[in-house]
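Data block below; observations after.
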Amino acid sequence: GENVEQHPSTLSVQEGDSAVIKCTYSDSASNYFPWYKQELGKRPQLIIDIRSNVGEKKDQRIAVTLNKTAKHFSLHITETQPEDSAVYFCAASYGMDTGRRALTFGSGTRLQVQP
Amino acid sequence: GAVVSQHPSWVICKSGTSVKIECRSLDFQATTMFWYRQFPKQSLMLMATSNEGSKATYEQGVEKDKFLINHASLTLSTLTVTSAHPEDSSFYICSAGGQGSQPQHFGDGTRLSIL
């Protein structure tokens, strides 16, 4: 089955700096890669996702890049703010019907943005 | 947008009790729902895939006789933790996706504490 590795496990940055979180996956059949933000005791919230037919996607301060050859994808957050502090999870699945495919999650990155 | 409702949000009960958790898709039909378990400071681990009108598919190592899943309608899946013990204490989260390439949406999760 799929295995997703995520680094770093913790990340501390100064407000305004950029943060980068990296994930690698093992199954070349995976073609859908969402990123979730989870605050303590709450549900994971989808912040951005990318499919394997594109190499990069951006939404305001958040961007995700995908390298299919190397089987890794990264989350980039620019101009970080204290409210970005949370745990971020990458995930992977396959197929076009992504609503019906289980996700394999990375181990999570605890991001702390220092004011 | 798609909403997944999960109840209860918090349960505290004695060892040996059975606990039922409900997951509802409020504004869409979900033929497939997923149940995840998350221990403190860890990632989400898939427990089982719940299929409407058929038996659930359990991940390796998850006891199907202990974690009973019923998906009787297109909007409701239930997870029953039978004869719960302290080691079953965890955060249980369901997710569901709509049609096609729509992303999955998570419920608010249920924090289960077994005394």
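Every read-out reported here was derived from the displayed coordinates using simple, explicitly stated rules and does not represent laboratory data. Predicted model only: the values in this text are computed from it and were never measured. Cβ placement follows ideal geometry from the backbone for every residue including glycine, while neighbour counts extend to all protein chains displayed.
By a straight-distance test (C-alpha under 20 Å), which aspartates and glutamates pair with residue A:42 as possible cross-link partners, with residues fewer than eight away in the same chain excluded?
Excluding near neighbours in sequence, the set is A:83, A:84, B:22, B:88, B:108.
Go through chain B and flag any cysteine with no other cysteine's C-beta closer than 4.7 Å, please.
Singleton cysteines: B:13.
Label residue A:28 and residue B:13 with points 7 Å out from Cα along Cα→Cβ: what is the distance between them in nm?
Calculated label separation equals 4.8 nm.
Might you report the magnitude of the Cβ-based charge dipole of region B:45-113 about its Cα centre, with Lys and Arg at +1 and Asp and Glu at -1, to the nearest 20 debye?
Magnitude of the dipole: close to 100 debye.
What percent of all Cα-Cα pairs in chain B falls into each 10 Å bin, going from 0 up to the bin containing the maximum distance?
With 10 Å bins starting at 0, P(r) equals 15, 49, 30, 5, 0.
Considering chain A, what Rg and Dmax in Å follow from its alpha-carbon atoms?
Calculated on Cα positions, Rg and Dmax stand at 13.5, 41 Å.
Excluding residues fewer than 8 places away in the same chain, name every one of the lysines whose C-alpha is closer than 17 Å to that of residue A:58.
Cross-link targets: A:22, A:37.
Rounded, prolate or oblate: which fits region B:31-73, taking a ≥ b ≥ c as square roots of the Cα gyration tensor eigenvalues, rounded meaning a/c under 1.5, else prolate when a/b beats b/c? Please list the in-between numbers first.
Working: a/c = 2.62, a/b = 1.74, b/c = 1.50.
It is prolate, given that a/c is not under 1.5 and a/b is the larger ratio.
So, in nm, how far is label residue A:39 from label residue A:96 when the simple model puts each one 7 Å beyond its Cα toward the Cβ?
3.7
Let a ≥ b ≥ c be the square roots of the eigenvalues of the Cα gyration tensor of region B:67-115; is it rounded (a/c under 1.5), or, if not, prolate (a/b larger than b/c) or oblate?
Note, shape of region B:67-115 comes out oblate.
Within the P(r) computed for the protein assembly as shown, what percentage of the Cα pairs occupies the region above 27 Å? Could the numbers behind the result be given before it?
Numbers: 8961 of 26335 pairs.
Every Cα pair in the protein assembly as shown considered, those over 27 Å come to 34 percent.
Name the residue, out of A:40, A:11, A:75, whose mean-square fluctuation peaks in a Gaussian network model built on chain A with Cα pairs under 10 Å.
Most flexible of the set in this elastic network: A:40.
How high is the FRET efficiency from residue A:110 to residue B:73, r the C-beta distance, R0 30 Å, rounded to 0.05?
Working from the Cβ atoms, E equals 0.20.
Using amide H atoms built 1.01 Å from N in the peptide plane, name the residues 5+ places from residue B:102, or on other chains, whose amide H lies under 5 Å from its own.
Answer set, sorted by chain and number: A:98, A:99.
Where the centre of each part is set by its Cα atoms, how far does region B:40-79 sit from region A:25-74, in angstrom?
When both Cα centres are located, 25 Å separates them.
Only residues of region A:30-49 count here: report those whose backbone N is under 19 Å from the spot 7 Å along Cα→Cβ of residue A:56, or say none.
Hits in region A:30-49 for residue A:56 at 19 Å: A:33-35, A:48-49.
When the dipole is taken about the Cα centre of chain A, and only Lys, Arg (+1) and Asp, Glu (-1) are charged at their Cβ, what size is it in debye, to the nearest 20?
320
For the pair residue B:83 and residue B:55, what calculated FRET efficiency results from E = 1/(1 + (r/R0)^6), where r is the Cβ-Cβ distance and R0 = 30 Å, to the nearest 0.05?
For residue B:55 and residue B:83, the calculated efficiency is 0.90.
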